[in-house]
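**Q** What follows is a structure written as structure tokens; I'll ask about it next.
A short reminder: the numbers here are calculations on the coordinates, not readings from a lab. Quick caveat, the model's predicted, so the values are computed rather than measured. Positions of Cβ are generated from backbone atoms using ideal geometry, with glycine treated the same way; all protein chains shown enter the neighbour counts.
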Amino acid sequence: MVHWPLNKEAPFHFRKLEHTEFHDRSLLNDGGLKKLVDEINPTIIFCSGWVDKGYNRICKSWRKRIPTVVLLDNHWTGNWKQWIASTMSAIVVRDKFSHAWVPGKPQIEFALRLGFTDEQIRTGYYCADTALFHEIYYKSLASKQLSMPKRFLYVGRYLPFKGVLDLWKAFAEANEKFPQWDLWCIGTGDLWEQRLIHPCIRHIGFVQPAALSEFISQCSVFVLPSSKEPWGVVVQEMAAAGLPLVCSNKVGAANQFLEEGKNGFTHEAGNIHALKNSLLKMMSLPEEKLHAMSRYSFLLSNSVTQEKWVHTAMGFLD
């Protein structure tokens with residue numbers, strides 16, 4: 001795995017894996033990258049987008065020998081960059097990549113416009129560690145059956161496009177009507193100093209995935225109000241942990257893991273009033289309905305699994 005350095009707002013600790021080697025792209029020039037790939041002599045290449053010109057040259061040189069798969073999570077929005085990419089796909093994308101692997105339905109149109117056929121496109125690229133979050137669901141099931149916590153949870157970076165400023169304002173207003181509800185926020189980022197200090201809002205900071213359990217088990221609803229979110233693996237993670245969902249209409253994963261009224265509510269991104277109404281809907285639900293939503297989230301989380309991911313990855317070799 002060749003990778004760029006981790007994002008400073010998400011300093012994840014990755015455990016060592018058997019048969020896996022990590023190489024820092026910032027320490028490899030293009031010549032060093034080519035030498036490394038030649039030594040590996042890969043059977044298949046997965047490439048995250050086509051921004052890195054060094055990656056592109058590697059994929060182009062191997063394109064006719066092995067499957068070279070571009071990993072794509074952008075939705076088709078019709079902006080000028082996407083029009084250029086689709087118009088010039090023969091030299092921008094298709095001469096480098098044999099297949100496209102996307103998270104779900106929102107990305108399929110873009111892949112098609114880039115010139116990939118239905119047979120060359122696969123879905124299910126982003127996948128949560130469902131076993132980890134299912135364990136959280138089972139462990140907290142009994143206590144939540146006794147009393148469902150009146151608490152929202154946000155997990156994500158503190159950046160403008162994540163909608164955290166809207167969330168804090170909308171919650172503060174909704175909290176006036178339902179003062180027994182809290183909001184816990186996990187994450188950090190540029191907006192940390194602008195965080196809203198409120199008696200019912202707790203700012204926890206960044207938490208490693210393995211330590212999320214104690215916080216998720218004490219919350220009942222997950223909120224992701226992003227103005228731009230191509231997918232959002234965290235949505236599947238929280239669904240797998242049995243949390244009902246409140247997501248903006250710009251969250252790609254909501255297409256797969258949220259069914260309106262059955263396990264959550266969606267709202268127009270950037271519309272604080274609409275977000276507030278979604279929060280109020282959740283706050284006003286009886287516990288029985290929250291339990292039903294929790295079960296439905298858990299069920300929907302199984303539509304993408306690690307087993308299916310492996311099956312799809314190996315399928316590119318057929």
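**Q** In the stretch 1-90, which trypsin sites (Lys or Arg not before Pro) are in a loop and have at most 13 other Cβ atoms within 10 Å, using DSSP for the loop call?
**A** For trypsin sites (Lys or Arg not before Pro) across the stretch 1-90 that sit outside H, G, I, E and B with at most 13 neighbouring Cβ atoms in 10 Å, the list reads Lys8, Arg15, Lys16, Lys64, Arg65.
**Q** May I ask you to compute the full-extension gain from Ser227 to Leu27, defined as 0.36 nm times their residue separation minus their alpha-carbon distance, rounded to one decimal in nm? Show your work: numbers first, answer last.
**A** On the way: separation 200, 0.36 × 200 = 72.00 nm, distance 3.38 nm.
That works out to 68.6 nm of additional length.
**Q** Taking a ≥ b ≥ c as the square roots of the Cα gyration tensor eigenvalues, with a/c under 1.5 meaning rounded and otherwise prolate when a/b beats b/c, else oblate, which class fits the stretch 130-303? Kindly include the intermediate steps, with their values, before the conclusion.
**A** Working: a/c = 1.28, a/b = 1.23, b/c = 1.04.
Cα axes put the stretch 130-303 in the rounded bin.
**Q** Per 0.36 nm of contour for each residue apart, how much would the distance between Ile44 and Phe12 grow if the chain were fully extended, relative to their Cα-Cα spacing?
**A** On the way: separation 32, 0.36 × 32 = 11.52 nm, distance 2.63 nm.
Full-extension gain reported as 8.9 nm.
**Q** Say we join alpha carbon atoms closer than 10 Å with springs in a Gaussian network model of the chain; which of Phe14, Phe133, Phe178 then has the biggest fluctuation?
**A** Most flexible of the set in this elastic network: Phe14.
**Q** With the Cα gyration tensor of the stretch 1-95 giving a ≥ b ≥ c as the square roots of its eigenvalues, does the rule (a/c under 1.5 for rounded; else a/b larger than b/c for prolate; else oblate) give rounded, prolate or oblate? Before the final figure, lay out each step's value.
**A** On the way: a/c = 2.04, a/b = 1.29, b/c = 1.58.
Oblate.
**Q** Next question, about the same structure. What residues from the stretch 141-160 fall in the zone where the backbone N is under 20 Å from a label point 7 Å along the Cα-to-C-beta line of Glu214?
**A** Residues 141-144, 149-156 fall inside that zone.
**Q** Further, regarding this structure: If I model a spin label at Glu268 and Glu287 as a point 7 Å from the Cα along the Cα→Cβ vector, what separation in nanometres do I get?
**A** For Glu268 paired with Glu287, the spin-label model returns 3.7 nm.
**Q** Please label the shape of the stretch 78-178 as rounded, prolate or oblate, based on the square roots a ≥ b ≥ c of the eigenvalues of the alpha-carbon gyration tensor (a/c under 1.5 means rounded; beyond that, a/b larger than b/c means prolate, else oblate).
**A** Working: a/c = 4.13, a/b = 1.85, b/c = 2.23.
Since a/c reaches 1.5 but b/c is at least a/b, the shape of the stretch 78-178 is classed as oblate.
**Q** Another question about this same structure. Suppose R0 equals 30 Å; then what is the FRET efficiency for Asn277 and Phe161 from their Cβ-Cβ distance, rounded to the nearest 0.05? Each step should come with its number before you reach the end.
**A** Details: r = 22 Å, r/R0 = 0.72.
So the FRET efficiency works out to roughly 0.90.
**Q** Continuing with this model, one more query. So what is the 222 nm mean residue ellipticity for the chain from helices alone, if each DSSP H run of at least 4 adds -39500 (n - 2.57) and you divide by all residues, rounding to the nearest 500 deg cm²/dmol? Numbers along the way, then the final one.
**A** On the way: 13 runs with 124 residues, N = 318.
About -11500 deg cm²/dmol.
**Q** Moving on to the next point. Grab the Cα-Cα distance for Leu299 and Glu193, subtract it from 0.36 nm times how many residues apart they are, and report the gain in nm with one decimal.
**A** Values: separation 106, 0.36 × 106 = 38.16 nm, distance 3.78 nm.
Difference between extended and current length: 34.4 nm.
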